[in-house]
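Student: Encoded as structure tokens, here's the structure I'll be asking about.
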Amino acid sequence: MTESKPLPCVLFVSSCEKKPEEIVKLIINKLDESITLEEDVSAHPWHVDTKYYKADVYLCTLENKALKSQQFSSRVHGVVLYFDCDKDKGLEAAESWLPFLNEYDAEVKILLCSNCKDIPEVGVSKLTAQEWCVKKGFELVELDPDVDAEWEAEQDFLETTGIKRVVQALQAHVWPNLSMKERKEPTSFNNLLHGGIPLSDGGDLSEGFGNLSIGRGLEQANIQEKMEELLGGGGSADAEMDFATLFGELHDMKERVQAMPSDQRKACAEQVVLAFWKAIGGDSDELDLPDDE
């Protein structure tokens, strides 16, 4: 097949026997006939569909180390490099790809493997792989990470792993051809937080935002100061915090506000609604908040 229209691309390569098409298949499940973008570059269309936007992207594979055209390089927004973590020189093989991958200047860069042991008898340890990623600007993702069921049961927020993390990282990217979905006016604070979709309806807060950290250490005496910060210095649109940052503050804010009198809790809740509404592009005049008594 030939290309119908230029689309942004994610490039998948492998520094071992595993074929990059195997990774692409984990994302789109079924590989139809590929599209040839350039010599040795095969592409599979991928329709990205999140709660907030839609976009069409090409998941491309390249099996040989070769520099491609400037036209293709400018379309590559992400690279996924698979390496064999069970071999002592697995990272050396992966690094041999960097002179070619660095030409793409991709924003999303993932080093992918099956499973890095903490102390392997043979192969690359997880710490070594993580240190390599820090130096090279990649994120380490394991397709089959070790799972500690007891530890996971104690966690409130678990990090996404495996191929889901790869998808999540790609969904969090701002694609140049994305189309925002129509924003529906929220009818409740719960709907506002979840993009108009309550969690009871299957909403997933992590989709499109990657892994978020919950802020800690907010003292009750600083609540009013924090509320002013959330609102951008008393409501200044130029200083508004983004949605992800606001969400990171929400859990701690809820715990602290619960100790306040009901009228103060109500006032804080209204300010939080306003902050979130402005963070997703709304105007304060659009919200019908009750006047202060």
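What follows draws every value from the coordinates through simple rules; no lab data is involved. Given the structure is predicted, the values throughout are model-derived calculations rather than measurements. No Cβ is skipped: glycine too gets one built from the backbone with ideal geometry, and neighbour counts run over all protein chains shown.
Student: Quickly run through region 25-43 and pick out the residues that are assigned to a loop (DSSP other than H, G, I, E, B) and more than 12 Å from residue 58 (Cα to Cα).
Tutor: 29, 30, 31, 32, 33, 39, 40 - these are the residues of region 25-43 that are assigned to a loop (DSSP other than H, G, I, E, B) and more than 12 Å from residue 58 (Cα to Cα).
Student: What residue, of 87, 51, is out of contact with any Cys (no Cβ under 8 Å at 6 or more places or on another chain) and part of a loop (DSSP other than H, G, I, E, B)?
Tutor: Every option except 51 fails the conditions.
Student: So which of 102, 115 ends up being polar (S, T, N, Q) and in a loop (DSSP other than H, G, I, E, B)?
Tutor: Only one candidate passes the filter, namely 115.
Student: Kindly provide the set of residues from region 44-91 that are under 16 Å from residue 178 (Cβ atoms), aliphatic (A, V, I, L, M) and surrounded by fewer than 20 Cβ atoms within 10 Å (Cβ to Cβ), ordered by number.
Tutor: Across region 44-91, the qualifying residue is only 48.
Student: Continuing with this model, one more query. Taking the conditions exactly as written (under 19 Å from residue 14 (Cα atoms), within 25 Å of the chain's Cα centre (by Cα) and buried (at least 19 other Cβ atoms within 10 Å of the Cβ)), does residue 98 satisfy them or not?
Tutor: Answer is no for this residue.
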